[in-house]
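Trainee: Mind looking over this structure? Questions follow.
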Amino acid sequence: MLKTRGYAAEAATTPLAPFDFDRREPGAHDVLIEILYCGVCHSDIHQARNEWENSIYPMVPGHEIVGRVARVGAEVTRFKEGDLAGVGCFVESCRTCENCKEGEEQHCLTHLVATYNGTERDEQTPTYGGYSNQIVVDENYTLKIPSNLPPENVAPLLCAGITTYSPLRRFNVGAGQRVGVVGLGGLGHMGVKLAASMGAEVTVFSTSQSKEEDARRLGAHHFVVTKDPQNLEPLAGKFHFILDTVSATHDLNMYLNLLRRDGTMVLVGAPEKPSEVPAFSLITNNRKLAGSMIGGIRETQEMLDYCAERNVSSDVEVIPIQQINEAYERTIKGDVRYRFVIDMKSL
Ligand code: NAP
Ligand code: ZN
Ligand code: ZN
């Protein structure tokens, strides 16, 4: 067993605190990764606080992991000691169901092994995430990390990057389209950068007037403050595609109303309480309301390579792990520019 240090939530109401635990010795197909940086996703907060009502404690959150390979198993072919490596939201799946075979492992029909707040394939051993100094992962669930981007800026791509890239690709977002991004946080700022890089005309919908200048620097062409619903009226029926990244319950209809004929709104934000959608919000203009969950391994690698080629990565605030509880509070307030990333040297 490998003695491992991390930070864990012991219960929904307690702050994260130092936690020691064991990881398995790397098997023949595993890589041992010494973690350099781990992003702080709002999903970490939802789960640490049991907002999705499926939490397992103690919980070591963290699924935006970048590190250096410290050791490889005998059969590993894709990685060698010293390589940069990444781990996202899951570390194993059944590999045989139709979704796994099609490279959409995140929708595994048998058992998706989440990076944390899950169990290994034995359905007993808890998984622990990236707020820790090392992790052991099968090489097939490990991503290659481009070396031309700073690793701390790459870490958030492992969740925020792929979660926004995947629906933008699936719905063929590109030049000639008006695209809205709702919420300028970790996911939202990646949605803006990626949609702009694909050639779309991007509008940010935000509750925070103070983010306007940043939004434009990130690539947005327009910025709309949503606190006053009147600001949205002139935009009714104008948008081809809207990506909703908001982490708290909010009115979806004010955004659905902005979709043009056959337009699509995709929910990636996962608030704890449901929203109401009257049929007429969708019937009008043949609108579509869809959802999207992260992305498979193949598409995550495609996204990393895409970002490396175009020099796209996350805007981050690097923190020592001792500031994690404060970072959670600031994230909830929308006060992060635009992703907290933990420097694991501080652990
Ligand atoms: P985040 O950094 O906290 O960003 C969320 C943004 O939503 C905030 O910056 C804020 O933007 C806006 N917002 C927050 N509270 C709001 C409210 N009450 N009303 C209106 N807007 C509000 O969070 P994140 O890490 O990007 O994650 C966003 C959501 O996506 C979370 O629910 C997370 O669990 C979920 N998620 C889903 C997937 C998936 O696979 N579908 C993957 C990762 C995360 P403004 O200041 O601009 O208003
Ligand atoms: Zn996440
Ligand atoms: Zn499967």
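The values are calculated or read from the model by the stated rules, or taken from the named source; none is laboratory data. Bear in mind the structure is a predicted one, so any value in this text is a computation, not a measurement. Neighbour counts run over all protein chains shown; Cβ positions are idealised from the backbone, glycine included. When the accessible area is computed, the model is the full protein with side chains, heavy atoms only, and any ligands, DNA or RNA have been set aside. Shrake-Rupley method; radii C 1.70, N 1.55, O 1.52, S 1.80 Å.
Trainee: Of 50, 311, 325, which is the most mobile in a GNM of the chain whose springs link Cα atoms less than 10 angstrom apart?
Mentor: Residue with maximal mean-square fluctuation among 50, 311, 325: 311.
Trainee: Please work out the average accessible area per residue across the chain, using the 1.4 Å probe convention, and give it in Å².
Mentor: Result: 42 Å² of accessible area for each residue.
Trainee: Let me ask something else. Going by Cα centres, the range 135-209 and the range 247-286 are how many Å apart?
Mentor: So the separation of the two Cα centres works out to 21 Å.
Trainee: Leaving out ligands, DNA and RNA, what percent of the accessible area of the chain is carbon and sulfur, probe 1.4 Å?
Mentor: Its accessible area is 48 percent carbon and sulfur atoms.
Trainee: Let me ask you something else. Compute, for the chain, the length of the dipole vector about the Cα centre, with Cβ point charges of +1 (Lys, Arg) and -1 (Asp, Glu) only. Units Debye, rounded to 20. Mind dumping the intermediate values first?
Mentor: On the way: 34 positive and 45 negative charges, 184 e Å.
In debye, rounded to 20, the chain gives about 880.
Trainee: Compute a Gaussian network model of the chain, connecting alpha carbons closer than 10 Å, and tell me which residue from 85, 17, 270 fluctuates the most.
Mentor: 17
Trainee: So how do 203, 119 rank on accessible area, 1.4 Å probe, biggest first, that is with the largest at the start?
Mentor: Reading off the accessible areas and sorting them downward yields 119, 203.
Trainee: Need the full-extension length gain, residue 122 to residue 3, defined as separation in residues times 0.36 nm minus the C-alpha distance. One decimal, nm.
Mentor: Additional length available on full extension: 40.7 nm.
Trainee: Please report the projected area of the range 227-341's Cα convex hull averaged over all directions, in nm².
Mentor: 9.7 nm²
Trainee: Fully extended, how many nm does the chain gain between residue 231 and residue 301 (0.36 nm per residue separation, minus their Cα-Cα distance)?
Mentor: 21.3 nm
Trainee: Determine how many Å³ per residue the convex hull of the Cα atoms of the range 128-259 encloses.
Mentor: 142 Å³
Trainee: Here is a further query. Put +1 on the Cβ of each Lys and Arg and -1 on the Cβ of each Asp and Glu in the chain; which of 327, 149, 224 then has its Cα farthest toward the positive end of the dipole?
Mentor: 224
Trainee: Shifting gears a bit: I want to check a number: in the chain, how many lysine pairs have alpha carbons closer than 27 Å, given a sequence separation of 8 or more or different chains?
Mentor: Pairs that pass both the separation and distance tests number 26.
Trainee: Short version: what are the Cα gyration tensor semi-axes of the chain, square root of 5 times each eigenvalue, largest first, in whole Å? Please report the intermediate quantities before stating the final value.
Mentor: Numbers: eigenvalues 228, 87, 75 Å².
For the chain, the semi-axes come out at 34, 21, 19 Å.
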